[in-house]
Amino acid sequence: MLIVNYDEGLKVVDFKEFLSKLRNDIYYMEESKLIIPDRTILRLNQLEAVWLLMPIADMAKNKILFKTVSEYKRNVYKNLPKATGYSMLINLNTGEILGLFDSNLITGLRTGALNGLAVDILSRKDSSKLGVIGSGFEARWLTMFTLQVRDINEIKVYSPNPSHRKEFVNIFNSIVNTKDFENPKEVTNSDIIIAATNSKDPVLYGDWIREGTHISSIGTLPDRRELDVSVIKRANLIVADYKKFVVKEAGDILYALNNSVINYEKILELNDIIKGKISVKRSNEDITLYKSVGYAFLDLVAAEYLYEKFSKT
């Protein structure tokens with residue numbers, strides 16, 4: 001059985017290669033052959049912690065994946081990782097365990113890459129300025145994959161944690177001119193805005209956003225609203241990574257639906273665009289919004305990619 005930790009896995013990742021694989025696998029995804037139960041959420045409120053279990057079986061790929069991931073908010077004060085977990089890849093036909101992969105690597109890889117595909121489809125082709133709200137793990141992966149699909153020459157980042165902001169700048173400044181700011185509004189004068197937080201309260205407001213902006217938001221869980229409802233109201237085009245889950249799990253979208261700011265039909269699905277079932281056109285003035293909560297097929301693709309990479313070595 002293969003066991004892959006974060007650092008080992010990161011060494012074999014080719015960002016453009018995985019973007020291509022993910023796009024191809026989504027295009028050929030056969031939903032009729034997927035078994036995706038709703039994710040199980042175990043809340044440990046007294047510890048400010050939550051565990052998620054996300055299983056999937058893909059009859060076409062002959063694979064099963066069980067992904068576990070946690071969030072321990074207090075770990076930041078203990079100099080420990082906020083998120084932990086492993087993902088188990090299994091041969092569907094035999095039950096043989098093929099590999100265990102660090103779930104942080106799986107999450108970063110698939111979340112970042114799917115955002116890269118969304119940015120490539122939904123943002124203006126001439127987008128060159130990136131604003132990032134949040135400077136942690138997922139913000140970094142989303143930024144890295146954004147750099148694969150757009151010629152970004154400036155990054156502005158905000159985070160309430162000064163040390164995290166500085167780490168973010170240190171990572172990206174050697175690639176792109178990167179500066180940190182103490183106010184989230186200061187990073188929103190950008191062509192593309194990434195919101196990657198775990199905030200229960202909005203961190204981005206509609207009147208901060210200029211026309212022609214693309215927004216990617218990955219805040220999840222029904223009790224979290226990183227987007228103010230005015231952002232959703234202003235969006236000309238709203239695209240979910242997987243609509244069935246976004247309308248159940250994304251607190252900001254739930255709030256907008258429940259308050260009749262948008263209706264269900266306005267939300268499109270990225271899978272349908274990639275598969276060519278629907279086409280989207282945007283003007284240079286349109287505001288586009290991509291909302292992602294993730295879904296298990298993406299985890300399976302990421303685990304399969306890593307398994308294949310290590311099997312060749």
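Hydrodynamic estimate: the Kirkwood radius of region 10-90 over Cα pairs, inserted into Stokes-Einstein at 20 °C and 1.002 mPa s, corresponds to D of 142 µm²/s.
Cα centroids of region 156-208 and region 76-122: 23 Å apart.
The packing ranking, built from the mean of other Cβ atoms within 10 Å per residue, places the peptides 139-146, 182-189 in the order 139-146, 182-189, highest first.
Subtracting the Cα-Cα distance from 0.36 nm times the residue separation, let me have the gained length for Asn62 to Arg210 in nm, one decimal.
So the chain would gain 48.7 nm between Asn62 and Arg210.
All distinct Cα pairs of the chain go into the 1/r average, and the inverse of that average, the Kirkwood radius, is 19.7 Å. Computed extension length for Lys33-Ser311: 97.5 nm, one decimal, from 0.36 nm per residue of separation with the Cα-Cα distance subtracted. A convex hull fitted to the Cα coordinates of region 116-179 yields 70 cubic angstrom per residue. Dividing the Cα radius of gyration of region 237-311 by 2.2 N^0.38 Å, with N the residue count, gives 1.33. Note on Lys312: aspartates and glutamates with a C-alpha under 16 Å away, same-chain residues under 8 apart excluded, are Glu8, Asp14, Glu17, Glu304. At q = 0.12 Å⁻¹ the log10 of I(q)/I(0) for region 40-138 amounts to -0.57, computed by Debye summation with a single uniform scatterer per C-alpha, solvent ignored.
Can you give the convex hull volume of the alpha carbon atoms of region 83-218 per residue, in Å³?
Details: hull volume 17.6 nm³, N = 136.
Considering the Cα atoms of region 83-218, their hull volume per residue is 129 Å³.
Residue ranking by accessible heavy-atom surface, 1.4 Å probe, largest first, among Lys78, Lys67, Lys266 comes out as Lys78, Lys266, Lys67.
Each peptide in 51-63, 4-16 gets a packing score, the mean of other Cβ atoms within 10 Å over its residues, and the list from highest to lowest is 51-63, 4-16. Put the Cα centre of region 212-233 next to the Cα centre of region 1-58 and the gap is 22 Å. Couplings 3J(HN,Hα) of region 132-148, computed from phi: 10, 9, x, 10, x, 3, 6, 4, 5, 5, 5, 5, 4, 6, 4, 5, 6 Hz, in residue order, whole Hz [Karplus 6.51 cos²θ - 1.76 cosθ + 1.60, θ = phi - 60°; x for Gly and Pro].
Take the cross-link list Lys78/Lys244; Lys73/Lys266; Lys16/Lys309 and give me the ones stretching past 25 Å between alpha-carbons.
Details: Lys78/Lys244 36 Å; Lys73/Lys266 34 Å; Lys16/Lys309 14 Å.
Those over the limit are Lys78/Lys244; Lys73/Lys266.
Within region 187-233, the ratio Rg/Rh, alpha carbon atoms throughout and Rh by Kirkwood, equals 0.94. According to the Kirkwood relation over distinct C-alpha pairs, the hydrodynamic radius of region 44-88 is 11.9 Å.
Label-to-label distance, Asn173 versus Ser260, with points set 7 angstrom from Cα along the beta-carbon direction: 5.1 nm.
Using a probe of 1.4 Å on the protein chains alone, the accessible area found for Val149 is around 30 Å².
Calculate the tail of P(r) for region 267-313: the fraction of all Cα-Cα distances greater than 18 Å, expressed in %. So the pairs more than 18 Å apart make up 54 percent of the total in region 267-313.
Kirkwood hydrodynamic radius of region 141-241, from the reciprocal of the average inverse Cα-Cα distance over all distinct pairs: 14.3 Å.
The values are calculated or read from the model by the stated rules, or taken from the named source; none is laboratory data. None of these values were measured; they are calculated from a predicted model. Every residue, glycine among them, receives a Cβ derived from its backbone with ideal geometry; neighbour counts consider all protein chains shown. SASA here: full protein model, heavy atoms, side chains in, ligands and nucleic acids out. Shrake-Rupley method; radii C 1.70, N 1.55, O 1.52, S 1.80 Å.
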